[in-house]
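Have a look at the structure below, then the notes.
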Amino acid sequence: MSITSYPFDSQVATETQYSQLFRELQDSGVAASFGALDLKISADGSGMTVRVQPGYCIIRGHAMLSTAVETLTIAAAESQARTDRIVVRLDPALNSITLAVVQGTPGSGTPSLTQTDTGIYEISLALVNVGASAVVVGPSAVVDDRTFVGSRVGVWTTTTRPPGPRVGQLGLNTTSNTWEFWSGSAWQDLAPVITWSQVVNKPAVFPPSAHQHEWSDINAPSSFPPSSHTQPWNTITDLPAGFPPSPHQHHWNDITNKPTAFNPANHSHSQYVTSSGTIKYANGSTRPYHNAASGSNWYAVWVENGGDFCRNTSARKFKENIRDYVIDPDSVLSLRPVIYDRKAKTDEETGEVIEGRKNEVGLIADEVHDAGLTWMVNYLENEVDGLRYDLLGVALLPVVQRQQAHIDELEARLAALEAHISGGSAC
């Protein structure tokens, strides 16, 4: 049969059944007012012992009564500090409830309580901090950890709250001095303090209730400006002849007779820019001629993505980590010279279609990339964009070197053949 009921006349109720019934009526803890001396743990520093005051407690439907001061021995200290726990221990298998010391692990945390449903069940009375290599337990080493029972409304601290509470269980938390209840997931304050900012739907202002003030209580002005009224224009004297407009703005479309064009303000251009906007001496010959340039004073120029210019330097003093770089001559020889037309583009301002240049000669950057010569390719936003034609000569060096090596080899073989023939004729 799946339904069990008890207790009734002429029926035996087991220890487990009685325990289950009783814990529905009362939680486990010290049966005394909160803070009383019942079962309180103390130490006087005279040795490695603690004392337990007399008292009465309820634990899982069982009761323990102690009528005299009990002394418990604390195990010898180790080289590291530890925390022991003093407990009341119910052992149904031995039909006993005893006081016990649960020894902690050196350098570790507080030992946990053993709390099983039908086996050993412990409630805490105190924590004992055992210092490293200590030889006595002082009064300050003992921390009260008792839970007190009431008339089903419990009294506890934040650390001694009932384990496994039910929704709605109520008690006084002496740590926070608040009544709290179990919501099913957390302990909630039964009567929390509400701040003004937490109040919703409050009015922005509060009108004063009807009241009166004595005139002598009012800080009145020495005079009062006239109330709002109107004044006929012809009764106003000393009018100005004209009224300047107050600061204001006009929309551009509201302005009439605007000029069709606006002359630029006075400004200047660099001496290298012509009146037509082109760069002076850009033909590459006139500028050096007029500056009498010679030697290495003139550089190839690099242009960065942001439009900045910088000179192309190549001296050893500008470089580090210099090492040989192997270039595959066959990759260079696979490059394909092509002739092509530039695509037309549309001017963004005028919408005019601008034809691209025709019959340009060069290489295709994508093909150079596919040939593995990526160091000759310029990339913009991770896409192939242009070519470093100035590096093409570097790429051709291994081709020329290989050809020269073949020439040297052939010349050496030819010389050897001629020497052999000459030697044979002499014979």
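Compute for the chain: radius of gyration divided by Kirkwood radius, i.e. Rg/Rh, restricted to C-alpha atoms, rounded to two decimals. Each step should come with its number before you reach the end.
Numbers: Rg = 50.8 Å, Rh = 37.0 Å.
With Rh from the inverse mean 1/r over Cα pairs, Rg/Rh is 1.37.
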> For segment 129-255, with every protein chain kept in place, what is the accessible area per residue (1.4 Å probe, Å²)?
Replying inline: 81
> How far, in degrees from 0 to 90, does helix 392-426 lean away from the longest principal axis of the Cα atoms of the chain, to the nearest 10?
Replying inline: 60
> Normalised by the residues of the chain, what does the relative contact order come to in percent, with Cα pairs under 8 Å and at least six apart?
Replying inline: 8
>> Using the Cα atoms of segment 1-153, I'd like the radius of gyration and the largest Cα-Cα distance, Dmax, both in angstrom.
In response: 17.7, 60
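Could you work out the relative contact order of segment 1-101, using alpha carbon pairs under 8 angstrom and six or more residues apart, expressed as a whole percent?
Working: 133 pairs, mean separation 19.2, N = 101.
Relative CO of segment 1-101 lands at 19 percent.
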>> Over the chain, with a Gaussian network built from C-alpha contacts below 10 Å, which listed residue (Asn234, Asn257, Asn382) shows the highest mean-square fluctuation?
In response: Asn382
> So which residue, out of Tyr121, Tyr18, Tyr325, gets the largest mean-square fluctuation from a GNM of the chain using Cα contacts under 10 Å as springs?
Replying inline: Tyr325
> Relative contact order (percent) for segment 296-427, with alpha-carbon contacts under 8 angstrom and 6 or more residues of separation?
Replying inline: 17
> Which net charge results when you count Lys and Arg as +1 and Asp and Glu as -1 among the other residues whose beta-carbon is under 13 Å from that of Pro54?
Replying inline: 0
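So, by mean Cβ neighbours within 10 angstrom, what's the order for 210-220, 35-45 with the highest one leading? Please list the in-between numbers first.
Values: 210-220: 6.3, 35-45: 16.4.
With the highest mean Cβ count within 10 Å placed first, the list reads 35-45, 210-220.
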> Taking only the alpha carbons of segment 126-230, what extent do you get along each of the three principal axes, in Å, biggest first?
Replying inline: 96, 39, 26
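Determine the calculated [θ] at 222 nm for the chain from helices alone, applying -39500 (n - 2.57) to every DSSP H run no shorter than 4 residues and normalising by the residue count; nearest 500 deg cm²/dmol. Working shown, then result.
Details: 5 runs with 61 residues, N = 427.
Using -39500 (n - 2.57) per qualifying helix, the result is -4500 deg cm²/dmol.
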> One-quarter of the Cα convex hull surface for segment 342-427, in nm²?
Replying inline: 9.5
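Please list, by residue number, every one of the trypsin sites (Lys or Arg not before Pro) in segment 325-427 that is coil in DSSP and has at most 12 other beta-carbon atoms within 10 Å.
On the way: sites: Arg342, Lys343, Lys345, Arg357, Lys358, Arg388, Arg402, Arg413; in loops: Arg342, Lys343, Arg357, Lys358, Arg388.
Those that pass, being in a loop and sparsely packed, are Arg342, Lys343, Arg357, Lys358.
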>> Can you list residues from other chains, or at least 5 along the same chain, whose modelled amide H is less than 5 Å from the amide H of Gln169?
In response: Trp182
> Carbon-plus-sulfur fraction of the accessible area of the chain, 1.4 Å probe, in percent?
Replying inline: 54
> Excluding Thr116 itself, what net charge comes from residues whose Cβ is under 10 Å from its Cβ, given Lys and Arg +1 and Asp and Glu -1?
Replying inline: -1
> Which far-off residues, 5 or more places away or on another chain, put their amide H under 5 Å from the one on Ala81, with H placed in the peptide plane?
Replying inline: Gly107, Ala132
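The values are calculated or read from the model by the stated rules, or taken from the named source; none is laboratory data. What you see is a predicted model; the values in this text were computed from it and never measured. Positions of Cβ are backbone-derived with ideal geometry, glycine not excepted, and every protein chain shown enters the neighbour counts. Just the protein is used for accessible areas: all its heavy atoms, side chains included, with ligands, DNA and RNA removed. Shrake-Rupley method; radii C 1.70, N 1.55, O 1.52, S 1.80 Å.
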